[in-house]
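Right, one structure below, let's go through it.
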Amino acid sequence: MSRSIAEKRAAFRALHDQGCFVLPNPWDTGSAVYLQSLGFKALATTSSGLAWSLGHADNSVSRDAVLAHLRDIVIATDLPVNADFENGFATDADGVAESVRLAVQTGVAGLSIEDSTGDAAAPQFGIDVAVERIRAARRAIDQYGSDTMLIGRAENFFCGNPDLDDTIARLKAYSDAGADCLYAPGIGTRDEIAAVVAAVASKPVNLLVGSASTLTVDEIAALGVRRISVGGALARAAWGGFMRGAQALAQGRFDGFADAASGQQLNALFRDSGS
């Protein structure tokens, strides 16, 4: 039975109250439907996965295209959806607030705002500006979609500034500014994870596992992480299979199809899902 937007948002917020859940990242409606069939409790979009599917590099897709994608993923399943909303598609706080208003209207259950600028010369907003952007996102959510969760992201490790102390200072400031969940993509050691979890307690922490990790889900949960996402990893895995098959075909071989899913399997999946 289809759940309402309010029901999805309530279920998503409840997932953050205790335990740890995996938040996989589909890049289109088909991958979203498949992930639901595996029993996951929620989904998150991926800016990189969407961009590659459109023939773009990450962080180069327009706000309108991202909003349309969010609507498609929200409609595709009964699961709550967290939006990878990049840096809010604006440099100033008012612009972030307007973008967040539009994102809330798509029906997402949560959305992430990064402190990255997209400018290689100055890749992160100063902390004061970044905090104002989170405050603006908070105000917009409170006005237009109070059940939508706000995730504050400190991009230090992705912006060439792997300073854990500064990362933690930013996350604490974003928490104080109204973020419901905190996220520092790029951290990965036990000590880094534990330090972030302790610093922002009792707010939940999202951990990105974007490549092979020596830690299991149970071990990550034991460190206090509430949710685990994989970013563009599933999209990259799919692209890896496609590229191997296509490269073999270009060389006159067909062995690149050896691990392909069967048409019968895929037809049955989408027939049963009603998509």
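Details
- If you go through the stretch 131-150 and keep only what is among the acidic types (Asp, Glu) and either assigned to a helix (DSSP H, G or I) or closer than 15 Å to Ser99 by Cβ (or both), you end up with Glu132, Asp142.
- Filtering Ala103, Ala51 for residues that are at pLDDT 95 or above, surrounded by fewer than 24 Cβ atoms within 10 Å (Cβ to Cβ) and within 26 Å of Leu207 (Cβ to Cβ) leaves a single hit, Ala51.
- In this entry, Ser275 passes the filter for residues that are modelled with pLDDT under 95 and either among the hydroxyl-bearing types (Ser, Thr, Tyr) or in contact with a strand residue (DSSP E or B) (Cβ under 7 Å, 6 or more places away or on another chain) (or both).
- Helices (runs of 4 or more DSSP H) within the stretch 14-130 that include 1 or more residues hydroxyl-bearing (Ser, Thr, Tyr), out of contact with any His (no Cβ under 8 Å at 6 or more places or on another chain) and at negative phi: 29-37, 47-53, 93-104
- Cβ pairs under 7 Å, 6+ apart, first in the stretch 17-39 and closer than 12 Å to Phe270 by Cα, second of a type in the set (Phe, Trp, Tyr) and surrounded by fewer than 21 Cβ atoms within 10 Å (Cβ to Cβ): Val33/Phe270
Residue by residue, here is whether (1) buried (at least 23 other Cβ atoms within 10 Å of the Cβ); (2) at pLDDT 95 or above holds:
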{"residue": "Val61", "(1), (2)": "no, yes"}
{"residue": "Ala76", "(1), (2)": "no, yes"}
{"residue": "Phe85", "(1), (2)": "yes, yes"}
{"residue": "Gly107", "(1), (2)": "no, yes"}
{"residue": "Ser116", "(1), (2)": "no, yes"}
{"residue": "Ile127", "(1), (2)": "no, yes"}
{"residue": "Ile134", "(1), (2)": "yes, yes"}
{"residue": "Ser146", "(1), (2)": "no, no"}
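- Test: Arg138 is crowded, with 24+ Cβ neighbours inside 10 Å, in contact with a Leu (Cβ under 9 Å, 6 or more places away or on another chain) and of a type in the set (Lys, Arg): no
The values are calculated or read from the model by the stated rules, or taken from the named source; none is laboratory data. Since this is a predicted model, take the numbers as computed values, not measurements. Note that we place each Cβ from the backbone using ideal geometry, even for glycine, and neighbour counts take in every protein chain shown.
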